[in-house]
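Below you'll find the structure, written out as structure tokens, and then a few comments.
The values are calculated or read from the model by the stated rules, or taken from the named source; none is laboratory data. Everything numeric here is computed off the predicted structure, so don't read it as measured data. Note that we place each Cβ from the backbone using ideal geometry, even for glycine, and neighbour counts take in every protein chain shown.
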Amino acid sequence: MSGSGIRFDGITVAYDGHTVLDALDLTVEPGEVMALLGPSGSGKTTALRAVAGFVRPAAGRVHVSGRDVTELPPHRRGIGMVVQSYALFPHLRVADNVAFGLRARRTPKAETAARTAEALELTGMGDYARRYPRELSGGQQQRVAIARALAIRPDVLLLDEPLSALDAALRSGMLAELARLHRELPEMSMLYVTHDQVEALTLADRIAVMDRARLRDCGTPQQLYRRPRTEFTASFVGNANLLPVTVTGDGVSLAGRPLKVPTGTAAPGATATLCVRPHLVGLGPGPNALRGTLAEVQWRGATHRLTVDVDGHRVLADLRELPEPPALGAEVELHFAPDDAVLISALGPGTGPEADPATVLEAGHGHDHG
């Protein structure tokens, strides 16, 4: 692999005999933004630290920009890193914080000044060079941390939950800034660790879904959202109704209710999970009708979220422009189009990175972990 990419080649990391990253094989292409998405303890931060050189793999090799860097110390890997705590030096002004990595590399003074100014301008912090970190907001401090990482002109930028300490409005603004940086630095690869699905969907070219030390799935945000291959992916990348069904000759059966959906190569009689996104579920009569009892209504500004009990299964429907939702306890009818459903086959352990999914039979779980 040439260019500024990353390759994990069978990377395993263990602490005190406990495997925290299990035989990770993954390639980040040059210029690509790859998000590592998963709950706490899934192995995503460990994978990032293995690239940075802060943990030593028990097995496997790490390649950066076509070089095997497994044995190299962090400062020789050509990597910039941004962490959630900013890690700025409080006694140094902004410009000195940004220049720190350059000075550590003994970059000539004139070049250090030029690259520091360039990185500050790139992150919109050029007017704050003389301030101390305590004089900045959280969002401004994070911009300085990003500028410091960019000043060394890294081949690869590692970001470990970089926005988790910011409020929602600042997070949205910083996501837009990171997307702009990616456009302005198209040769630089980014590996972005997060447990926040919105960050991953917004920023990443591809998402690697991690759980319990293993890679479970990998694909573009659109692929993972529209055609998830596992229950875990469906529940973690967006909200999902995940319903246990039995394949029939011309569709599936949910607790005896026939539903018309594409079944692919699934054999009649097989058990599977039907995935339908809540925003694709409508209220009232229509194809694939599901009758049930309205258990909960949440107003979310632009939408109402209805939770309906259908034969003991919770089904979520996100509905726009609903002037007056039905009363709690009312019998309601939901529906969804056949092509809006995805059938997830039951997979046994050991059948690839997407195997052994977590069992999730209710909707909307899995994306709020720390």
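Could you go through segment 202-210 and let me know if any residue there is in a helix (DSSP H, G or I), touching a Leu at 6+ places or on another chain (Cβ under 9 Å), outside the structural domain of Ala255 (by TED's automatic domain parsing) and at pLDDT 85 or above. Yes: segment 202-210 contains one or more residues that are in a helix (DSSP H, G or I), touching a Leu at 6+ places or on another chain (Cβ under 9 Å), outside the structural domain of Ala255 (by TED's automatic domain parsing) and at pLDDT 85 or above.
Every condition in (1) at pLDDT below 90; (2) of a type in the set (D, E, K, R); (3) crowded, with 22+ Cβ neighbours inside 10 Å holds for Asp167 except the one numbered (3). Can you confirm whether Ala113 is in the same structural domain as Glu199 (by TED's automatic domain parsing), without any contact (Cβ under 8 Å) to a residue 12 or more places away in the chain and not charged (D, E, K, R)? Answer is no for this residue. In the set Gly264, Gly286, only one residue is modelled with pLDDT under 90 and not aliphatic (A, V, I, L, M); that residue is Gly264. Might you let me know whether segment 237-245 holds any residue that is small (Gly, Ala, Ser) and part of a helix (DSSP H, G or I)? Within segment 237-245 (the criterion being small (Gly, Ala, Ser) and part of a helix (DSSP H, G or I)), the answer is no, since none of the residues qualifies. Exactly one of (1) among the charged types (D, E, K, R); (2) in contact with a strand residue (DSSP E or B) (Cβ under 8 Å, 6 or more places away or on another chain); (3) more than 23 Å from Ala50 (Cα to Cα) is unmet by Arg180. Its number? Of (1) among the charged types (D, E, K, R); (2) in contact with a strand residue (DSSP E or B) (Cβ under 8 Å, 6 or more places away or on another chain); (3) more than 23 Å from Ala50 (Cα to Cα), only one is false for Arg180: (2). Across segment 246-261, the qualifying residues are those that are among the small types (Gly, Ala, Ser) and part of a loop (DSSP other than H, G, I, E, B), and the one among them that is modelled with the lowest pLDDT is Gly249. Taking each residue of segment 55-72 that is under 18 Å from Lys44 (Cβ atoms) and looking for partners that are among the small types (Gly, Ala, Ser) and loosely packed, with under 14 Cβ neighbours inside 10 Å with beta-carbon atoms closer than 6 Å, six or more apart or interchain, yields Gly60/Gly10. For segment 1-48, filtered to residues that are of a type in the set (D, E, K, R) and in contact (Cβ under 8 Å) with a residue 40 or more places away in the chain, the residue that is farthest from Val193 (Cα to Cα) is Asp9. Assess whether Pro357 counts as being out of contact with any His (no Cβ under 9 Å at 6 or more places or on another chain) and at pLDDT below 90. So Pro357 fits the description; yes. Each residue in segment 262-272 was checked for being touching a residue at least 60 places away in the same chain (Cβ under 8 Å) and in a loop (DSSP other than H, G, I, E, B), and 5 pass. If you check Ala35 against the conditions, is it modelled with pLDDT of 95 or more, surrounded by 16 or more Cβ atoms within 10 Å (Cβ to Cβ), among the small types (Gly, Ala, Ser) and not in a loop (DSSP other than H, G, I, E, B)? The answer is yes for Ala35.
Summed over segment 281-313, the residues that are in contact with a Gly (Cβ under 7 Å, 6 or more places away or on another chain) and hydrophobic (A, V, I, L, M, F, W, C) give a count of 3.
Exactly one residue among Arg305, Arg314, Arg216, Arg229 is closer than 28 Å to Gly38 by Cα, part of a loop (DSSP other than H, G, I, E, B) and of a type outside the set (A, V, I, L, M), and that residue is Arg229. For the structure I just gave you, tell me whether Leu294 is buried (at least 23 other Cβ atoms within 10 Å of the Cβ) and part of a strand (DSSP E or B). Spelling it out, it is not the case that Leu294 is buried (at least 23 other Cβ atoms within 10 Å of the Cβ) and part of a strand (DSSP E or B).
Note on segment 212-223: among residues that are surrounded by 24 or more Cβ atoms within 10 Å (Cβ to Cβ) and either modelled with pLDDT under 95 or touching a Cys at 6+ places or on another chain (Cβ under 7 Å) (or both), the one that is nearest to Val28 (Cα to Cα) is Asp217. Is it fair to say Pro186 is over 24 Å from Thr46 (Cα atoms), of a type outside the set (Gly, Ala, Ser), assigned to a loop (DSSP other than H, G, I, E, B) and touching a residue at least 24 places away in the same chain (Cβ under 8 Å)? Yes.
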